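Okay, structure first, notes after.
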Amino acid sequence: MSDFDNPSSQNALQLSQNYPVPLSPPLPLISKNMELARAMSASSKSSLFSLSRNDVVYEDQWLTVVNKPQGIYCEGVLESVPKFLFNSAESVARVEGKAPELHLANRLDRDTSGVMIITKSHKVAAKLVKAFTDHKVSKTYIARCVGVAPKWERITVKSGHGRSKFGAWRVYAASNVGRGLPGGSVVRDMETSFEVVSINGQGSFKEPSEFRPDYDNVVVVEEKSVIDGNAKKDEILVRARPRSGRTHQIRLHCQYLGISIRGDVKYEGVYEWNGTTYEGHELHAESLSLEHPITGLPVLFRAPLPSWAIQALQP
C-alpha cells in the first residue's frame, strides 16, 4: 500500500497543506474486493442486456424513459436501445431509416435502479442537460437503510462534497465549500432532503408528489457525525430528494445520518442482514419531474418500486 492509498497519510497530507479534512470515513477495506466482484458481474450482465417493453416507462419521438435494473451499467442500457427502437413489435415510436443520436440525459450508479432518460437527438440532449444543470428537474429516490431508527420524520442535510486526487468521494463541512483539495478539485455544496417512509415495515407510503422538504429541520454539517455502533439496528425505508446532483450524494448523506443503505459496502452499509447477502445497494431512482424539452408541458416519469421496497412496506 502506497502512502497515497493510506487514509491516515491522506489526512496528514491534508492537514500539513491546510486542505479541508473529510468528515466521513474512508472506504472500508472489505469494499475493495466486493466492489470488484460486483463490477465484473455487472459487466457481464450489461453486455447481455436487452431492453424490453417492460423496461420502458415512457416513449415518444424525442425520448425513451427506462426503468434501469439493478446491477446493469448505464452504457449497457444505452447500447441496447437501437435494437429496441428498430423493432416495430417493441417500440411505440419506431425509428425509420436514419439511426437516432442517442444520449444519456442522466446517469445512475451501477447498482441503483430506476428512471433514466435517453434522448434521441443532440438538440433534445442539450436542453435536458441544461435543465439538470439549472436544477429544473425534481428527483426522488427510495432507499432501504439499516441503522438506528431516526427521531426525525423529515430532515434536510447540507454539507460539502468532494474527492481529492488520492481518495474517494467524501462528506466535507459546509463551511469548506469552495476550498481546494489535493489534485486541484474543490469542495462543492451538497443538499438532500429526506423523509421516513417506514420503520420495520410500519408506515404509510405517500406519492412522490406529496413530498415537501422540511426547511425547519436542517442539519448543516460542520463536524463528524456520532453514531452508536452498539445500538439496536432497524430497517428504515426513506425517500430522498437531492437538490444538488453530486456523485453518490444520497449514499453519502445516508451514511452521515447513520442509516447507510443496505448492501452499500462503500459507505458502511451491511452486505449481510438477517441471513441474506446482498449483491448491490438498495437505492431506486423513483421519479423525475420536469418540463418536456420539446412540448414544454410538465411531465412526471416514475418507475415502479422494486421488490425490496415493496417488502420493506410490509410488517
Point to revise | Spin-label pair N18/D134, simplified geometry with 7 Å Cα→Cβ offset, distance in nm | key: 3.9
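Which whole-number value in Å² is the accessible area per residue of the chain, probe 1.4 Å? Show your work: numbers first, answer last.
Values: 15520 Å² over 315 residues.
In whole numbers, the chain has 49 Å² accessible per residue.
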Review point. Assuming a viscosity of 1.567 mPa s and a temperature of 4 °C, what translational diffusion coefficient in µm² per second does Stokes-Einstein assign to the stretch 77-222, Rh being the Kirkwood radius over Cα pairs?
Key: 68
Revision key, fill the gap. Simple SL model, points at 7 angstrom along Cα→Cβ for E101 and W273; separation in nm is 4.4
Revision key, fill the gap. For the chain (alpha-carbon point model, no solvent) the Debye-based log₁₀ I(q)/I(0) at q = 0.07 Å⁻¹ works out to -0.29
Study note, to complete from the structure: Once both label points are put 7 Å beyond Cα along the C-beta direction, the V226-N33 separation in nm becomes 3.5
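State the extension gain, in nm to one decimal, for the chain segment bounded by I199 and H122, taking 0.36 nm per residue of separation less the distance between their alpha-carbons. Mind dumping the intermediate values first?
Details: separation 77, 0.36 × 77 = 27.72 nm, distance 4.39 nm.
Answer, rounded to one decimal: 23.3 nm.
Measure off, as a whole percent, the carbon and sulfur share of the 1.4 Å-probe accessible area of the stretch 147-192, all protein chains present.
Whole-percent figure for carbon plus sulfur exposure: 46.
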Exercise for review: State log₁₀ I(q)/I(0) for the stretch 164-245 at q = 0.23 Å⁻¹ as given by the Debye formula over alpha-carbon point scatterers of equal weight, solvent excluded.
Suggested key: -1.19
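Ratio of the stretch 151-298's C-alpha Rg to 2.2 N^0.38 Å, to two decimals? Don't jump to the answer; show the numbers that get you there.
Details: Rg = 16.7 Å, N = 148, 2.2 N^0.38 = 14.7 Å.
Normalised by 2.2 N^0.38 Å, the Cα Rg of the stretch 151-298 equals 1.13.
So what is the relative contact order of the chain, in percent, for Cα pairs below 8 Å that sit 6 or more residues apart?
21
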**Study point:** Length gained when the stretch S307-A149 is fully extended (0.36 nm per residue, less Cα-Cα span)
**Key:** 54.7 nm
Review point. What FRET efficiency, computed as 1/(1 + (r/R0)^6) with R0 = 51 Å and r the Cβ-Cβ distance, is obtained for D234 and K83, rounded to the nearest 0.05?
Key: 0.70
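The values are calculated or read from the model by the stated rules, or taken from the named source; none is laboratory data. The shown structure was predicted, so the numbers you read here are calculated from the model rather than taken from an experiment. Positions of Cβ are backbone-derived with ideal geometry, glycine not excepted, and every protein chain shown enters the neighbour counts. Surface accessibility is based on the protein's heavy atoms, side chains included, excluding ligands, DNA and RNA. Shrake-Rupley method; radii C 1.70, N 1.55, O 1.52, S 1.80 Å.
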